[in-house]
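See below for the structure under consideration.
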Amino acid sequence: MSALLEEVNAVVRDVFADDAITLSETSTAGDVDGWDSLMHLNVIIALEKRFKIRFSTAEISDLKEEGKNIGTLLDLIAAKQGISP
């Protein structure tokens, strides 16, 4: 999972144009300055392009719910790619 986390970190750094961002599995959107609903969509679109996957509207909405974190996102990406967590 660490390789996947590093790739997600790279995507988020690119979207936010901030090389200082370092996410962990327990990080949430609230941990990143400027991560609002528009940036959430920008991150999702960038992740879809990077990993050649598609998130459903329900999945995107679910990721914004209380208690969801980067670990949840990693699990979802892994599942879409057929990778065991």
For residue 3, work out the one condition from (1) over 19 Å from residue 81 (Cβ atoms); (2) modelled with pLDDT under 95; (3) more than 11 Å from the chain's Cα centre (by Cα); (4) of a type in the set (A, V, I, L, M) it doesn't fulfil. (1)
Selection from segment 28-55 of residues within 10 Å of the chain's Cα centre (by Cα) and among the hydroxyl-bearing types (Ser, Thr, Tyr) yields 28
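Out of all the residues in segment 8-24, is one or more in contact with a Gly (Cβ under 8 Å, 6 or more places away or on another chain) and among the hydrophobic types (A, V, I, L, M, F, W, C)?
Going through segment 8-24, the residues in contact with a Gly (Cβ under 8 Å, 6 or more places away or on another chain) turn out to be 16.
If we keep only those that are among the hydrophobic types (A, V, I, L, M, F, W, C) too, we end up with 16.
Looking through segment 8-24, at least one residue is in contact with a Gly (Cβ under 8 Å, 6 or more places away or on another chain) and among the hydrophobic types (A, V, I, L, M, F, W, C).
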Any chance you could count how many residues in segment 37-55 are exposed (fewer than 10 other Cβ atoms within 10 Å of the Cβ) and either farther than 13 Å from residue 77 by Cα or at pLDDT below 95 (or both)? 2
Top-ranked residue in segment 56-85 [being assigned to a helix (DSSP H, G or I) and of a type in the set (S, T, N, Q); ranked as surrounded by the most Cβ atoms within 10 Å (Cβ to Cβ)]: 72
Residues of segment 15-24 that turn out to be surrounded by 15 or more Cβ atoms within 10 Å (Cβ to Cβ) and under 12 Å from the mean Cα position of the chain (by Cα), as a count: 2
Those residues of segment 1-24 which are free of Cβ contacts under 8 Å to residues at least 40 places away in the same chain, under 22 Å from residue 53 (Cα atoms) and not in a helix (DSSP H, G or I) amount to none
Could you look through segment 25-60, keep only residues that are touching a residue at least 24 places away in the same chain (Cβ under 8 Å) and among the aliphatic types (A, V, I, L, M), and pick out the one that is nearest to residue 6 (Cα to Cα)? 47
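The values are calculated or read from the model by the stated rules, or taken from the named source; none is laboratory data. Quick caveat, the model's predicted, so the values are computed rather than measured. Here Cβ is always computed from backbone atoms with ideal geometry, including for glycine, and neighbour counts include all displayed protein chains.
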